1. Using per-residue counts of other Cβ atoms within 10 Å, averaged over each peptide, order 107-115, 30-38, 160-168 from highest down.
2. One quarter of the convex hull surface, Cα atoms only: what value does that give for the stretch 14-189 in nm²?
3. Place a +1 charge on the Cβ of each Lys and Arg in the stretch 14-189 and a -1 charge on the Cβ of each Asp and Glu, then give the dipole magnitude about the Cα centre in debye, rounded to the nearest 20.
4. Using a Förster radius of 25 Å, what is the FRET efficiency between Thr45 and Asp177 based on their Cβ-Cβ separation? Nearest 0.05, please.
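What follows draws every value from the coordinates through simple rules; no lab data is involved. Please read all numbers here as calculations on a predicted model, not as lab measurements. For neighbour counting, all protein chains shown are included, and Cβ atoms are generated from backbone atoms with ideal geometry for every residue, glycine included.
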Amino acid sequence: MSGAPQHGSEAPSAWVQRWSHLVRPGGTVLDVACGHGRHMKWFATHGHPVTGVDRSPEAIATVASLGEAVQADIENGPWPLMQDGQPRQFDAVVVTNYLWRALLPVIRQSLAPGGVLLYETFTLGNETVGKPSRPDFLLQPGELLRAFADLRVVAYEDGFIAQPARFVQRIAAVRQDTVLSTDKALARYML
C-alpha cells in the first residue's frame with residue numbers, strides 16, 4: 001500500500017537545504033517537532049551534532065541513532081532542553097511544518113550568539129488547498145518577521161507553492177549579538 005510518507009521522513013526541505021550553509025561548521029542543531037528526522041539526518045550527514053525533540057515515541061525511536069533524541073510534549077509540558085534555568089542554546093534551530101505560538105520565545109532563546117533560525121510552516125491561505133486549515137496552525141501575514149524581529153533576516157518568503165500545493169511562510173535569520181569581524185559576518189551570508 002502506498003501513500004504519503006510519514007511526517008518527517010520526506011526529503012529535507014529545500015528551504016533548509018538552501019540556507020544550511022549559514023550554520024557554522026560542526027555547529028549544534030536543534031530540530032523542533034523533528035518527526036522521523038529528515039532534517040536531523042541532513043545535518044548529521046553534514047557533520048553537525050543534532051538534537052531532536054518530538055512528542056511521538058515512535059519518531060524519537062527512529063532518530064535516536066542520529067544524536068540526542070528527546071521525547072516531550074512541548075505544547076503541554078515544560079520545555080525539556082534547559083540548562084541553568086534557561087533554554088539550552090544551539091548554533092541552529094530548525095522548525096518545519098509546525099506552529100505552536102507559545103514556543104516562539106523559547107525557540108528564539110534557544111539560538112546561541114551567531115545562531116541560525118530556519119523556520120518554514122503553513123500560513124493563511126492554506127485552508128483553501130488542504131490541511132492544516134485551522135487558524136491556530138496558520139501563520140498570519142508577516143508573523144515570522146514580527147516574532148523574530150530582533151534577528152538579522154537573511155531570507156524570507158510568504159506565499160503559495162504549487163508542488164505540493166500549500167501556502168507557507170519561511171525565514172532564514174541569524175542572531176547577531178556576537179562579535180564577528182565584518183569579513184566573517186559577510187562571508188556567512190553569501191549565497
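1. The packing order, highest mean first, is 30-38, 107-115, 160-168.
2. 10.2
3. 340
4. Step by step, r from the Cβ atoms, then E = 0.25.
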